[in-house]
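Have a look at the structure below, then the notes.
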Amino acid sequence: KANAIYNTLKMSILGLKKKQPKTFKVKVITMDAEMEFSCEVKWKGKDLFDLVCRTVGLRETWFFGLRYTVKDTYAWLKPEKRVSGHEVPKDSPITFHFLAKFFPEKVEEELVQEITQHLFFLQVKKQILDEEIFCSPEASVLLASYAVQAKYGDYDPNFHKPGFLAQDELLPKRVLMQYQMTADMWEEKITAWYAEHRGIARDEAEMEYLKIAQDLEMYGVSYFAITQNKRDTDLLLGVDAQGLHIYSPSSKLNPNRSFPWSDIRNISYSEKEFTIKPLDKKKDVFKFYSSQLRVNKLILQLCIGNHDLFMRRRKVDSIEVQQMKAQAKEEKARKKMERQILAREKQMREEAERAKEEMERRLFQLQDEARLANEALLRSEETADLLAEKAQIAEEEAKLLAHKAAEAEQERQRLEVTAMKTKEEKRLMEQKMREAEQLAVKLVEQSERRLKEADHLKQDLTEAKDAERRAKQKLLEITKTTYPVRTGTTNRKITVSQSSSRLDFKDSDMKRLSMEIERERLEYMEKSKNLQDQLKELKSEIESLKLEEQQQQAGLYSLRSEARGYVQEPVYIPHSNVCIIASPDYLLHFLILILSLRMLLVLLRND
């Protein structure tokens, strides 16, 4: 029994082993992910491709394919051929790249699903950055701004600080090396465009990127090296959604010749020779040669796929495509509504946050105001105490000020009385000053009169001396003998020449001459006496005037000093014993008078 059970289990285990298929590992690399699958040996390329599309969620499968590397070129996994039957590397796992094999003519019309747009966006972006598609610097910056919008969303200066793009590869190296600009300068230019895309969703930004990229000359073109004839004239063959193009090796932008799909009747190859037959039979058949048979197979495969899509675009969409477009339209409308709702919610949230911030700010402001009010209350209480003390001090000061005011009133009354006395004294002083001025004027007039009299006296003295001199001269002429002549206490001798003694004189003439001399002498003596008397009288008057002036000036000075409250310094007259105490105004007049008198005395002494 036990042996029977053992044999039954053994047979069941062997049956299970026989039913399990053989598998191998496959790694599929998409533009944004890596996936591993267990692929059965009997699977065809279509089975693996459908598995990848289901995993990714892709329904627009006709644009994509699984590409693998064969020696120095690449090939696409054929749908009807086993995966293991391809010339794939024997590594484990076998690596395939899930890429776009064919490109649409108009991305906005043909790409329906968002995942399709995203995969195309990633692939075209990589081709531009790897310089497989030529792009001008201006277009590169614009495309980079849409790429940043698709990755980071709307620009926020508070979040997107300078340097946030430092780790992102956004521009081709050729563009970076073409201009002498730093990474910060490129980032500033990209950010300026990026800020303009506010409000654009990720799928819209990727679609805008593809719409710009599809106008580039090298977009969607697969290039192959060919020769036109056996002389090995090197050329390039380009295959894209529009047709076939022949380029020179030095330029991939402008084709030398093009064959649109609508003008091609047949395409075939025989080993390395490839033939393009135009629809117009009058045109020549174009032949070229490739380096390998595998390349011709690849070219033919791409030509067939692009031509099928070319014809498909010009027909009515299939039911599947119509359903996809309807679903995509509904999805876009739903997303648009969701974005609008989200935008409104975001706006409401921002408004609520702003309101919250405003309320918080207002709360902080009210707290500050309350704190300031409390501090002000405390300060007011302290101020009230201080004011009470100040009020008490002010009351005491008021009493003191009232007492001082009474004293000040008494002092004011006293000063008024004193001022009245001072005014009376001032009036008397001014009167005395006027009298002194009048006296000074009189003295000046008297000094001038005396000066004139002194001049007359001096003139009379001069005339008397002249008369005496004439008389002496006349006497010398008359007599030659010497006669003693006595005048007062002075004895004078008159000497006459001895030769004149012979002259005869009459007695009458001598008497007359003696009388004249005597008369002149008497007159001279009388005039001298009168002059001496006048001088003495003038001196006495001057002395009396001096004394009177000194007394008046001293009294005037004392009055003025009392009025002004200061003492005048005494003034000494040079070369005299006179000391005058007077104001400078009257002192000047008095000095002029004294100097005039001194001059008169000097003149008299000289005479």
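None of the figures in this text is laboratory data; all of them are computed from the coordinates on show. All values reported here derive from a predicted model rather than from experimental measurement. Reconstructed Cβ throughout: ideal geometry from the backbone, glycine too, with neighbour counts over all protein chains shown.
List of remarks:
- Only lysines eight or more places from residue 546 in sequence, or on another chain, were considered; those with a Cα closer than 17 Å are 442, 536.
- Between residue 263 and residue 550, the modelled labels are 14.9 nm apart [label points 7 Å from Cα along Cα→Cβ].
- Those lysines that a straight Cα-Cα span of less than 24 Å connects to residue 423, excepting residues fewer than 8 apart in one chain: 432
- Contour minus Cα-Cα distance for residue 426 and residue 391 (0.36 nm per residue): 7.8 nm
- In terms of distances greater than 18 angstrom between alpha carbons, the cross-link table entries 106/325; 78/126; 106/211 yield 78/126.
- Taking every alpha-carbon pair under 8 Å whose residues sit at least 6 apart, region 32-100 reaches a relative contact order of 37 percent.
- Loop-located trypsin sites (Lys or Arg not before Pro) in region 184-219, at most 14 other Cβ atoms within 10 Å (DSSP): 198
- Sites matching trypsin sites (Lys or Arg not before Pro) across region 88-137 that sit in DSSP coil, with at most 14 neighbouring C-beta atoms within 10 Å: 90, 106
- Entries of 277/329; 90/151; 474/529 with Cα pairs more than 31 Å apart: 277/329; 90/151
- Per-selection Kirkwood Rh - region 175-279 (Cα, Å, 1 d.p.): 17.4
- Here the label points at residue 331 and residue 62, each 7 Å from Cα along the C-beta direction, are separated by 1.8 nm in the simple model.
- Loop-located chymotrypsin sites (Phe, Trp or Tyr not before Pro) in region 177-232 (DSSP state not H, G, I, E or B) with no more than 14 neighbouring Cβ atoms inside 10 Å: 179.
- Take every Cα pair under 8 Å whose residues are at least 6 apart in sequence, average their separation, divide by the length of region 49-158, and the relative contact order is 23 percent.
- At 1.002 mPa s and 20 °C, Stokes diffusion of region 222-315 via Kirkwood alpha-carbon radius, µm² per second: 159
- Straight-line cross-link partners of residue 81 among the aspartates and glutamates, defined as a Cα under 17 Å from its Cα and at least 8 positions apart when in the same chain: 40, 47, 50.
- Cα→Cβ-extended label distance, 7 Å offset, between residue 164 and residue 279, nm: 5.2
- P(r) histogram, all alpha-carbon pairs of region 375-455 included - 5 Å bins from 0, percent: 4, 11, 8, 8, 7, 7, 6, 6, 6, 5, 5, 5, 4, 4, 4, 3, 3, 2, 2, 1, 0
- Reference-scaled alpha-carbon Rg (2.2 N^0.38 Å with N residues) for region 316-365: 2.13
- A cut-off of 5 Å between modelled amide H atoms, ignoring neighbours fewer than 5 places along the same chain, links residue 286 with 276.
- Pairs of C-alpha atoms in region 24-100 farther apart than 22 Å represent 13 percent of all such pairs.
- In this structure, the amide hydrogen of residue 218, modeled 1.01 Å from its nitrogen in the peptide plane, lies closer than 5 angstrom to those of 134, counting only residues at least 5 positions away or on a different chain.
- HN-Hα J in Hz across region 134-141 - Karplus 6.51, -1.76, 1.60, θ = phi - 60°, x for Gly and Pro: 6, 9, 5, x, 5, 5, 5, 5
- Each residue of region 145-153 is assigned a 3J(HN,Hα), and the resulting list reads 5, 5, 5, 5, 5, 5, 8, 9, x Hz, derived from the Karplus form 6.51 cos²θ - 1.76 cosθ + 1.60 (θ = phi - 60°), x at Gly and Pro.
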